[in-house]
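Beneath this line is the structure, given in structure tokens, with notes to follow.
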Amino acid sequence: MDHGTRDEVLGRLAEAVGSITVAHPARVAIDGPPAAGKTTLADELAVVLRTQGRNVIRATIDDFLFPRAQRYPRGEYSAEGCYFDTHDYGALNRVLLDPLGPGGDRRFQHAVYDRTADTALSPPIRTAPADAVLVFDGVFLMRPELIDRWDLRIFVSTALETTVDRAVIRERRVSPRAEVERRWRGRYIPSQQLYFATVRPTDHADIIVHNDEPQQPVWETRTH
């Protein structure tokens, strides 16, 4: 375990990205529970990498959701529905991860869905340089449909009860506390428990960032 500042953990992650030796864009997964701090960490890492001169593609699992009408066949508070029915992994592989991977043509789209409008998206196809870095955050990124697509796997670990408190603060302007807690305790936390029981995501991670105290993170590097 290493302890340090926020800048130090970001520097360690940037070093890990820099050590990737592949002939295609490096695909970096930042996994973890909802409200663990994945998006913030991914955004900050992207800034560091760009400062170092890297071409960064920033994308998120939230732009690869199924339309709302397809996401809740098991009910809005179903943990199984959250895990099995929410994300379009076929589209994610087809338009982003595989084009950037071995043998890919590097022609990619960073999104297929607008969650605000609940409509499909088809952004312009872009071509990534061979030395680009994809920084991708989201839940369930170590599951079987995706596990082999990553060149670096980072897991942001936070106590599940802490994520509830963060979610209440984050969503206080749009949702009452009772609604946020119901969603987290009924859907999101049980879906993470299902994920850990079936996939054991931290076993697949190259680096685990313990993010209970974001300004005083603890991290560990795994060897596989």
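Annotations
- Charge dipole magnitude, Cβ of K and R +1, D and E -1 - the chain, Cα centre, debye nearest 20: 500 debye
- Euclidean distance of C-alpha centroids, the stretch 181-199 and the stretch 40-56, integer Å: 30 Å
- The stretch 99-160 versus the stretch 203-224: alpha-carbon centroid distance in Å: 21 Å
- Förster-model FRET efficiency, 25 Å R0, D7 and E213, C-beta, rounded to 0.05: 0.95
- Coupling constants for the stretch 97-111 follow from the phi torsions by the Karplus curve (6.51 cos²θ - 1.76 cosθ + 1.60, θ = phi - 60°), and in residue order they are 6, 6, x, 8, x, x, x, x, 8, 6, 8, 9, 10, 8, 7 Hz; glycine and proline get x.
- Using a probe of 1.4 Å, the accessible surface attributed to S122 totals some 100 Å² when neighbouring protein chains are kept in position.
- The figure for Y83 is an accessible area of roughly 10 square angstrom, using a 1.4 Å probe on the protein chains alone.
- Extension gain for the segment N55 to R222, taken as residue separation times 0.36 nm less the Cα-Cα distance, is 57.5 nm to one decimal.
- Whether the stretch 140-197 is rounded, prolate or oblate, judged on the alpha carbon gyration tensor where a/c under 1.5 counts as rounded: prolate
- Per residue accessible area in Å² of the chain, where ligands, DNA and RNA are left out and the probe is 1.4 Å: 48 Å²
- In the context of the full protein assembly, W184 retains an accessible surface of approximately 10 Å², using a probe radius of 1.4 Å and ignoring ligands and nucleic acids.
- Rounded if a/c under 1.5, otherwise prolate or oblate - the chain, Cα gyration tensor axes: oblate
- Gain upon complete extension [R177, A69; 0.36 nm per residue less C-alpha separation]: 36.4 nm
- Solvent-accessible area, 1.4 Å probe, carbon plus sulfur percent, for the stretch 111-156: 51 percent
The values are calculated or read from the model by the stated rules, or taken from the named source; none is laboratory data. Computed from a predicted structure; not experimentally measured. Here Cβ is always computed from backbone atoms with ideal geometry, including for glycine, and neighbour counts include all displayed protein chains. When the accessible area is computed, the model is the full protein with side chains, heavy atoms only, and any ligands, DNA or RNA have been set aside. Shrake-Rupley method; radii C 1.70, N 1.55, O 1.52, S 1.80 Å.
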